[in-house]
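Following: one structure in structure tokens, then a few remarks.
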Amino acid sequence: MAEASMGSSAKMSDEVQPRSYWRWSKQDFYPEESFQNWDSYRSALSQISFRFKDRLLSRSDDANEIGELRKRSENDMKRCLNWWDLTWFGFGSVIGAGIFVLTGQEAHDHAGPAIVLSYVASGLSAMLSVFCYTEFAIEIPVAGGSFAYLRVELGDFAAFITAANILLESILGGAAVARSWTSYFTSLLDRPTNSLRIHTNLTNGYNLLDPIAVGVLAIASTLAMISTQKTSYFNWIASAINTIVILFVIIAGMISPSLRFAHANTSNMTPFLPFGAKGVFQAAAIVYFAYGGFDNIATMAEETRNPSRDIPMGLLGSMSIITVIYCLMALALSMMQKYTSIDPNAAYSVAFENVGMKWAKYLVALGALKGMTTVLLVGALGQARYTTHIARAHMLPPWFALVHPKTGTPINATLFITVCSACIAFFSSLDVLASLLSISTLFIFMMMAVALLVRRYYVRGNTPRTNLWKLVIFLQIIIVSSMGTSAYWGLNPNGWVGYTVTLPLWFLATLGISVFLPKQRTPKVWGVPLVPWLPSLSIATNLFLMGSLGYEAFIRFGICTIIMLVYYVFFVSIPPGSAHAVRPTHDESAQLSEQLPFQQAYSK
């Protein structure tokens, strides 16, 4: 009996010994054998070319992302969200920094009254990306969002480049919104714009230190770590208040009870294009940041009760309404105040003050603060979930993949994003952050459109080699012709000869996919309509908007990409590929020679 009891006790001890969430061992950060000592690491470095090729060829699959990788978090996230939560999360994550901050900045510097057209252009491109995200989120409902989708369709290396840009976007996005929060809080207190920041002798753009931004980021991340459901409740209330303020801006700024413009002055709309069409698209590329938060909704698929129903309703519904709201609010600002007089830091508050509604200044500032608070709050949720899934794939230390057993939230990942954002928000100004943020967002959305075309027209092991090469060639033509259109626009905005080459090439390549390639996969529940035309148009518009950004954005983007590649070579590519992605089987060896150029073409 005693032996049986001891055996039973030992068995129970082996079965029930959960590891503490709060642990800090080397094994939790670098568990792979290659990192256990310097000899193992040097040995792994000597095989870097083989292992890099292994990454290039490796692709994950739906089952691996949904099943195996999720187990690496040790605890599941709680399924507590429905379409109502996702719709309000859509409002909370998108409406805030973009419309209240970037509208004034871009109307003043680049677009003038035509800022309305900038929002139309960027809104169209964003809606095309929303279609792609929706289909993927239904098919692969995991926390990784675009990282997981690209890992399945374009491979491990392409997913890493995108993952690095996701992290860059997350960190910079939080920093930009936090600094904007300080500007509007200053306006609410009726103080000079930078009076609450610490003035230093550092380089211009980094010389105004912002401790308030750090505090706001800390509060938002704390709420996000406590509970996803409670965060949703708070977001409902804050978003509802923000919606009331938005309606006030549109009605009081434009329409009076007699259906005439109340505080609008049509003379403020002339000249309508003071910076020309180039200024419109340059502004569109920047204000695209205003639509960027919707991808956070896709990362919540793992916590959604019925992803196939709730995600389309939450994503498509919220983004359609938001696009209309943005255009109306941009029009209201342009008609209330001459673009040369718009305050780039607190545009709406100052505009109402100038038309004699000083009290409205405080209401708008309060609404803007509420909006930016929800952007930070929902951003803390979505960005942490991106980070969690990236860590599940061991592209970040797996310690960041852990989900807390009680809260059901990824506390470690949330802290990582918050600390990085706070460090940048403390030093960097909004204009330094916005262009780099936009180029990362546009790059990710372009890659998503490419991935969707690959998903529809290529299935590993089933697609004939000739069809694979046709797809590669057509996609290359679509990308190159889109880049050519963007480059020609930047070099010669008033020309037209170049478009007679680039636009027909884009059209014929898209037509070629439609006519010569049979679809290899049909969406199970909901799919993007008009494939390949809408995804191809998404590629073209995102690349065009990227080309509209200034050269400084590309320099910063290039520097960040080099740093990413160094990290990839010395850390991510060191462990064997089986730890990260599904490696092709021996029976699929014939496909390997096909996949290599395919991966190379779309990881650039």
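Each part reduced to its alpha carbon centroid, segment 127-162 and segment 46-68 end up 16 Å apart. In the set (1) -0.71, -0.92, -1.18; (2) -0.32, -0.43, -1.42; (3) -0.46, -0.58, -1.25, which value of log10 I(q)/I(0) by the Debye sum over Cα atoms at q = 0.06, 0.07, 0.13 Å⁻¹ was calculated from the structure you see? Label (2) holds the value from this structure. Per residue, the accessible area of segment 224-351 comes to 37 Å², computed with a 1.4 Å probe over protein heavy atoms only.
Taking the 0 to 90 degree range and rounding to the nearest ten, how far is the long axis of helix 211-226 tilted relative to the main principal axis of the chain, both from C-alpha atoms? Its long axis makes an angle of about 50 degrees.
If you model segment 454-524 as an ellipsoid using its alpha carbon gyration tensor, with each semi-axis the square root of five times an eigenvalue, the axes come out at 30, 10, 10 Å, biggest first.
Ratio of Rg to Rh for segment 112-202: 1.14 [Cα atoms; Kirkwood radius as inverse mean 1/r over pairs]. Per-peptide packing, taken as the mean over residues of other Cβ atoms within 10 Å, places 488-501, 49-62 in the sequence 49-62, 488-501 from highest down. With 29 Å as the limit on Cα-Cα distance, the pairs of K370/K524; K338/K370; K53/K470; K338/K358; K53/K524; K230/K524 that go past it are K370/K524; K53/K524; K230/K524.
If each residue of separation counts as 0.36 nm, what is the full-extension length gain between R305 and S320 once their alpha-carbon separation is subtracted?
Length difference between fully extended and current span is 3.1 nm.
Solvent-accessible area per residue in segment 394-515 equals 36 Å², computed with a 1.4 angstrom probe and all protein chains kept.
Relative to the compact-globule estimate of 2.2 N^0.38 Å, the Cα radius of gyration of segment 94-250 comes out at 1.24. When both segment 468-509 and segment 167-199 are represented by their alpha-carbon centers, they are found 40 Å apart. The apolar share of the surface of the chain, taken as the fraction of accessible area on carbon and sulfur atoms (1.4 Å probe, ligands and nucleic acids excluded), comes to 67 percent.
Taking the C-alpha atoms only, the angle from helix 411-427 to the longest principal axis of the chain is near 40 degrees. Accessible area per residue for segment 147-203, computed on protein heavy atoms with a 1.4 Å probe, is 28 Å².
Per the Cα gyration tensor, segment 261-378 maps to an equivalent ellipsoid with semi-axes of 32, 18, 12 Å, ordered largest to smallest. Counting only alpha carbon atoms, the long axis of helix 430-457 and the longest principal axis of the chain meet at about 50°.
Taken over the C-alpha atoms, segment 67-154 has Rg and Dmax values of 17.6, 52 angstrom.
The values are calculated or read from the model by the stated rules, or taken from the named source; none is laboratory data. On a predicted model such as this, the values are computed, not experimentally measured, just so you know. Using ideal geometry, Cβ is built from the backbone for each residue, glycine included, and neighbour counts are taken over all protein chains shown. Ligands, DNA and RNA are excluded from the accessible area calculation, which covers all protein heavy atoms including side chains. Shrake-Rupley method; radii C 1.70, N 1.55, O 1.52, S 1.80 Å.
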